[in-house]
Amino acid sequence: MANNLSVFDIAGRAMSAQMLRLNTTASNLANASSTSGSEATAFRAIKPVFKTVTDSPGVATVQVDRVVSSNITPTKRHDPTNPIADKNGDVWDAGVDTAAEMVEMIEASRQYQNNVQVLQTAKTLTLDTLRIGK
Amino acid sequence: MANGETLFGLHGTALALRSQRLALLASNIANAATPNYKARDIDFNKALEAATSGNGTNVDQAARGALGYRVPLEASLDGNTVELATEQTQFAENAVKYRTTLSFLEGRIGTIMSALRGE
């Protein structure tokens, strides 16, 4: 194949990007019920930004450009019994939309599976081609 | 290449083009979640015609000449035009056709081998 980027590279790098997306979702869900003593230090959901990496026209894979914090504002809750509450007795719950994170998780795992399927098909076809004439 | 073409006929070129299309469809599936990614595909018949026309067009040039953008059935908000249902069916179809071309090649090699052996 003339391309520098083989099907294995394309699917493999897409898999690692999807895996990072799944990792951020796991972090977000793990921190969903964490609280903080101020709005600034409260946990905010993190999201990866995907970017296309083009080799030749039409042949492209994907990579994670950067990971950004989402702009969901943490919710203030009055809880004076909490030891980390501020002088007004308020704490801030993490800015995580759990329903959206669950959707994100399912989507990431489905797209990961798609790339595994691509890899498997490409592998079978390559092995069949190697066996040609035998 | 001229000798290879007479030996394997259309199928050698077809196999190379199928392999290129496989990479293209894999790219589309890989970028299913990338904002502003535009899905691309090649018009296989057009590419095969160009590659076998005998005017010196090689497989890479033929594939590039027949490259186009996929028209999505439904536009998405993030500007991504990959529709997984479409891409997956196209990918499966392309894989089966690759395997078919491979079978034609195998048949041809078998014929030539038995002619060479004189059995």
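Every read-out reported here was derived from the displayed coordinates using simple, explicitly stated rules and does not represent laboratory data. Model, not experiment: these values are computed from the prediction.
When all alpha-carbon pairs of the protein assembly as shown are counted, what percent fall beyond 32 Å?
40
Given q = 0.21 Å⁻¹, what are the Debye log10 I(q)/I(0) values for the range A:7-132, with equal point scatterers placed on the Cα positions and solvent ignored?
Taken in order of the listed q values, log10 I(q)/I(0) reads -1.11.
How far is helix A:7-30 tilted off the main Cα axis of chain A, in degrees rounded to 10, range 0 to 90?
10
Are there any helices in chain B, counted as whole DSSP H runs, that stretch 18 Å or more along their axis by Cα and score at least 0.5 on average by Kyte-Doolittle, and if so which?
For chain B, where a helix must reach 18 Å along its axis and average at least 0.5, the hits are B:10-30.
How big is the range A:35-83 in terms of Cα radius of gyration and Dmax, in angstroms?
18.7, 61
Under the rule of -39500 (n - 2.57) per DSSP H run of 4 or more residues, summed and divided by the residues of chain A, what mean residue ellipticity at 222 nm is obtained, to the nearest 500 deg cm²/dmol?
-15500 deg cm²/dmol
Cross-link list A:K47/B:K46; A:K47/A:K76; A:K47/B:K97; B:K38/B:K97: which exceed 32 angstrom alpha carbon to alpha carbon?
Too far apart for the 32 Å limit: A:K47/B:K46; A:K47/B:K97.
For helix A:98-130, report the angle its Cα long axis makes with the longest principal axis of the Cα atoms of chain A; keep it between 0 and 90° and round to the nearest 10°.
With rounding to tens, the tilt is 10 degrees.
What are the radius of gyration and Dmax of the range B:3-114, computed over its Cα atoms and given in Å?
16.3, 59
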